Amino acid sequence: MNKQNSKMELLGSVPVPKALLALGLPTMVGMLINALYNLVDAYFVGGLGTDAMGAITVAYPLGQVIVGLGLLFGNGAAAYLSRLLGKGDKETANKVASTALYSSVLIGAIVIVISVIFLKPILRQLGALDSVMPYAVSYTSIYIIFSIFNVFNVTMNNIVSSEGAAKTAMCALMAGAVLNVILDPIFIYLLDFGIAGAAVATAISQVVSTVVYLIYIFQRNSMFSFSIKEYSFTKSIMSEVLKIGIPTLVFQILTSVSMSMINGAAKDYGSSALAAMGPVTKIMSMGSLVVFGFLKGFQPIAGYSYGARKFDRLNEAIRTSIIWSTCFCVLFGLVAAIFSNGIMAQFTKNDMEMIRIGQIALRANGISFILFGFYTVYSFLFLVMGKAKEGCILGACRQGICFIPVILVLPNLMGLNGILFAQPTADVLSAIITVFMAIHLRKELNTIQAQMAINAKKE
């Protein structure tokens, strides 16, 4: 009970900067290490050749869709759980957590089976060239089957973050990530599994992360029961979960669509162009995951504060999160842009064309990444406040509403450079849209606060 009280205190009364660090820093570190092992995967696979690098490039979008299923239920539940904890409704919170976890595993299993059956057509659609396909099938067939553990892990990551157990989320992420870094060279080179070894290493690492969460559940450290008896697939619960989860899933699907569109456009310029997109995507994903990790600390504070009508605390959390995340994005973006050539050279032995193309893309993406923190804070905020329509629109901007028209038009005007500058252009457009939506939200919050002040005086 003491642990649960301390979690509630962290969400509701600890100074905002301290609470953000306590909740966001562990998850941020865990996600950073998780992103680093994706880069390590690319680094070791790069030693197998350009086609092998192309294989993990085309497999990545499919993996993001599978992760999206965990986010559908995990992130949807987390936003609702934070508000329920703010209101003190523990009984409903137990039902929401249990329903989200078991639903994600069931739906995840169904999607994985379908993906395995239609694997080759899917990989072809994602941009796999004939020379890349054997590597892609070898890697993805293993990776996708074991992604059921990743669905469980992503769901649990969001749920435990919503209750303020950021250190548990960090430990689970770190356990899998560190193990993957150790196992990659062993399975790829020492045991001579080749690209399949990278998939086996990832699979084992995901299982280990799952074990960490299971220990957390069975030791009853969580505020939630996760009992099958609490499973309640009712309209009232699922509507709250899905109205936030669906926009999150849409965001993940659009991310996969954007990657496949880039891959499809890049493959027309050869295997070097296709292979270059892999490291660039993973490097920028590393920066994105750090921001997401930090904002996992912002999310429960914002949800709890909004549910408890503590608007001063909510406003401080918004302001602090924007400043801190933007500072990181500036630093990360400039490093990526300035050292783009040296970074890309780490992912190939002698493909100079891959380095040249990747350098241009990484420099452009690094500069536009400066806007990512501001955009993402408000993307998280709308969802955690239960504003599904606004959250869906903003979440779909960067990879969908803005990106798809850009990727369809720019390559026709600029050739390969149009592909490389598509995401940075979409980033700028998304940030502009965020400004207008943020202004509208600020007016709405001010109106609610003013009405609360009037009601308080009447009482």
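The values are calculated or read from the model by the stated rules, or taken from the named source; none is laboratory data. None of the values given here were measured: they were computed from a predicted structure. Cβ placement follows ideal geometry from the backbone for every residue including glycine, while neighbour counts extend to all protein chains displayed. Accessible surface areas use protein heavy atoms only, side chains included; no ligands, DNA or RNA. Shrake-Rupley method; radii C 1.70, N 1.55, O 1.52, S 1.80 Å.
State whether the residues of the range 192-202 include one that is part of a helix (DSSP H, G or I) and open to solvent by 60 Å² or more (accessible area, probe 1.4 Å). Looking for residues that are part of a helix (DSSP H, G or I) and open to solvent by 60 Å² or more (accessible area, probe 1.4 Å), one finds none in the range 192-202, hence no.
Every residue, every condition in (1) within 30 Å of residue 262 (Cβ to Cβ); (2) modelled with pLDDT under 75; (3) out of contact with any Cys (no Cβ under 6 Å at 6 or more places or on another chain); (4) open to solvent by 40 Å² or more (accessible area, probe 1.4 Å), yes or no:
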| site | (1), (2), (3), (4) |
| --- | --- |
| 30 | yes, yes, yes, no |
| 51 | yes, no, yes, yes |
| 61 | yes, no, yes, no |
| 66 | yes, no, yes, no |
| 94 | no, no, yes, no |
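Exactly one residue out of 413, 429, 420 is open to solvent by 50 Å² or more (accessible area, probe 1.4 Å) and within 19 Å of residue 264 (Cβ to Cβ): that is 413. What about residue 238, is it open to solvent by 20 Å² or more (accessible area, probe 1.4 Å) and not β-branched (Val, Ile, Thr)? No, not satisfied. Candidates 241, 257, 280: the one that is part of a helix (DSSP H, G or I) and out of contact with any Leu (no Cβ under 9 Å at 6 or more places or on another chain) is 257. The residues in the range 85-104 that are without any contact (Cβ under 8 Å) to a residue 40 or more places away in the chain and touching a Leu at 6+ places or on another chain (Cβ under 7 Å) can be counted, and the count is 0. Could you tell me whether residue 373 is within 30 Å of residue 309 (Cβ to Cβ) and not in a helix (DSSP H, G or I)? Considered against the rule, which asks whether it is within 30 Å of residue 309 (Cβ to Cβ) and not in a helix (DSSP H, G or I), residue 373 comes out as no. Within the range 299-329, being of a type in the set (D, E, K, R) and not in a helix (DSSP H, G or I) holds for 309, 310.
With respect to (1) at pLDDT below 90; (2) assigned to a helix (DSSP H, G or I); (3) touching a helix residue (DSSP H, G or I) at 6+ places or on another chain (Cβ under 8 Å); (4) small (Gly, Ala, Ser), the lone exception for residue 342 is condition (3).
Summed over the range 1-18, residues that are touching a Lys or Arg at 6+ places or on another chain (Cβ under 9 Å) and at pLDDT 75 or above total 1. Taking each residue of the range 105-122 that is over 18 Å from residue 249 (Cβ atoms) and looking for partners that are small (Gly, Ala, Ser) and part of a helix (DSSP H, G or I) with beta-carbon atoms closer than 9 Å, six or more apart or interchain, yields 116/141; 119/136; 119/141; 120/136.
Okay, residues lined up against (1) of a type in the set (Asp, Glu); (2) open to solvent by 30 Å² or more (accessible area, probe 1.4 Å):
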{"residue": "41", "(1), (2)": "yes, no"}
{"residue": "45", "(1), (2)": "no, no"}
{"residue": "70", "(1), (2)": "no, no"}
{"residue": "83", "(1), (2)": "no, no"}
{"residue": "101", "(1), (2)": "no, no"}
{"residue": "115", "(1), (2)": "no, no"}
{"residue": "120", "(1), (2)": "no, yes"}
{"residue": "140", "(1), (2)": "no, no"}
{"residue": "153", "(1), (2)": "no, no"}
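Anything in the range 205-235 that is at pLDDT 90 or above, within 14 Å of residue 157 (Cα to Cα) and either of a type in the set (S, T, N, Q) or open to solvent by less than 10 Å² (accessible area, probe 1.4 Å) (or both)? List them, or say none. Of everything in the range 205-235, those that are at pLDDT 90 or above, within 14 Å of residue 157 (Cα to Cα) and either of a type in the set (S, T, N, Q) or open to solvent by less than 10 Å² (accessible area, probe 1.4 Å) (or both) turn out to be 206, 209, 210, 213. Taken across the range 285-298, residues that are open to solvent by less than 30 Å² (accessible area, probe 1.4 Å), assigned to a loop (DSSP other than H, G, I, E, B) and at pLDDT below 85 do not occur at all.
Pairing each residue of the range 430-447 that is part of a helix (DSSP H, G or I) with any residue that is of a type in the set (Ser, Thr, Tyr) and surrounded by 15 or more Cβ atoms within 10 Å (Cβ to Cβ), provided the two are 6+ apart or on different chains, yields C-beta distances under 7 Å for 430/375; 431/375; 434/375; 434/378; 437/378; 438/378.
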